[in-house]
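The values are calculated or read from the model by the stated rules, or taken from the named source; none is laboratory data. Predicted model, so just to flag it, every value in this text is computed and none were measured. Heads up, the Cβs are rebuilt from the backbone with ideal geometry, glycines too, and the neighbour counts pull from every protein chain shown. Side chains are part of the model used for accessible areas, which takes the heavy atoms of the whole protein and leaves out ligands, DNA and RNA. Shrake-Rupley method; radii C 1.70, N 1.55, O 1.52, S 1.80 Å.
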Amino acid sequence: MTDPLDFSYESRPVRVVFRPGAAVSATPGEVERLGLRRVLVVCGSRGAETARAVADALGPACVGVHDRARMHVPTEVADAAVEAARAAGADGCVAVGGGSSIGLGKAIALRTGLPLIAVPSTYSGSEMTPVWGLTEHGVKRTGRDAKVLPRSVVYDPELTLSLPVPLSVTSGVNAVAHAVEALYAPDTSPLVALMAEEGVRAMARALPAVAEEPTSPDARGRALYGAWLCGSCLGATTMGLHHKVCHVLGGTFSLPHAETHTVVLPYVLAHNAPAAPDAAAAVARALDAADAATALRELSGRLGAPRSLAELGLTEADLAPAAAQIAGQAYANPRPVTAEDVLVLLRAAYEGVPPTTAAH
Ligand code: NAD
């Protein structure tokens, strides 16, 4: 157990504007504040309409809309976006959409050094982190670089009103995963622990309300508030086993990102709980439950989320190579990880059986 009063914490200079309607009403001001005159708006094809509304609000300060974002930022998608930014003579980038759009904005920032403004439409939390990801030949690489941390984040709950309930639930649990791993990260700190517990609490209370009334501005606002806190936790700490498992399953086995996080999180939390009792207790408190892993699985299951990796398209033959790839990577984790442990954990998640903390 680490001493809670022995820590390093670096605050990161992200300006956050949180307001209904802010995507259109506040983004132009954020662009102006940064002195930008020629921004490229990037988005995915499904989010193009919203991105165009933001582009229209920017008027002459927008030099184009690039709507080619794809999940996990394939390198050829990043190359094309960098080329579009250069061809347009862009002096900045505004990413409108989910983690895939923000990831593409980060790829542009990484390669060109252009400042990034993020206008998120999901609960992925990517907007609060200096973490980038690129996928080449089926392998996802991630790294940290201050250049990719958005200078400004515009949170507009109205943008999330259209997020379908199943994606809202899994995206929300993706955010919760950031907070859970931050609680037991080697570089956690008292401030991160406060944000993490409050982030889990806010998200866990908001999601049932979102599922019941997806167009409720109040429920959407509270979920986005939770996403902000959880994303901030991810930005401030080092990821552990859970994120590595999901990167491999997404990057190499093409499993959908948020759904994979949702299925895997209870199993990793159950695995790590004996080595991180304070983190598990904080999550349980936030969920108002006796056992954090069980409560997480029940929360997402009750709201209709997938329960097993099999449902997401993983096959039994994938389990051993996935486990080998996950165990072959280096990462900080409160409980040591062997290929055998990962295989047991993956098999349980594949079958969707209740998670247990039993020693593997
Ligand atoms: P996504 O951005 O791929 O969006 C999922 C789907 O939802 C897409 O089809 C998108 O068009 C649609 N969508 C998004 N917002 C919508 C809205 N408001 N209404 C209707 N449809 C909407 O998925 P995601 O889960 O937000 O992000 C996943 C990606 O983000 C992954 O590549 C992941 O690795 C990355 N990520 C990165 C970090 C980081 O810190 N670098 C953190 C979290 C996630």
*Could you provide, to the nearest whole Å², the per residue accessible area of the chain with probe 1.4 Å?*
40 Å²
*May I ask you to give the percent of accessible area on the chain that is carbon plus sulfur, with a probe radius of 1.4 Å?*
53 percent
*asked:* Could you work out the relative contact order of the chain? I mean the mean sequence separation of Cα pairs under 8 Å and 6+ apart, divided by the number of residues, in percent.
replied: 15 percent
*At a Förster distance of 45 Å, what's the computed FRET efficiency of T215 paired with A317, Cβ-Cβ distance as r, to 0.05?*
0.60
*Sorting H243, H72, H137 by accessible area (1.4 Å probe), largest first, what list results?*
H137, H72, H243
_Reach of K106 by Cα under 19 Å, taken over lysines that are not fewer than 8 positions away in the same chain_ = K140, K147
*Can you list the aspartates and glutamates whose alpha carbon sits under 12 Å from that of K244, skipping same-chain ones fewer than 8 residues off?*
E181
*Considering only DSSP beta bridges whose two residues both sit in the chain, what percent are antiparallel, to the nearest 5?*
25 percent
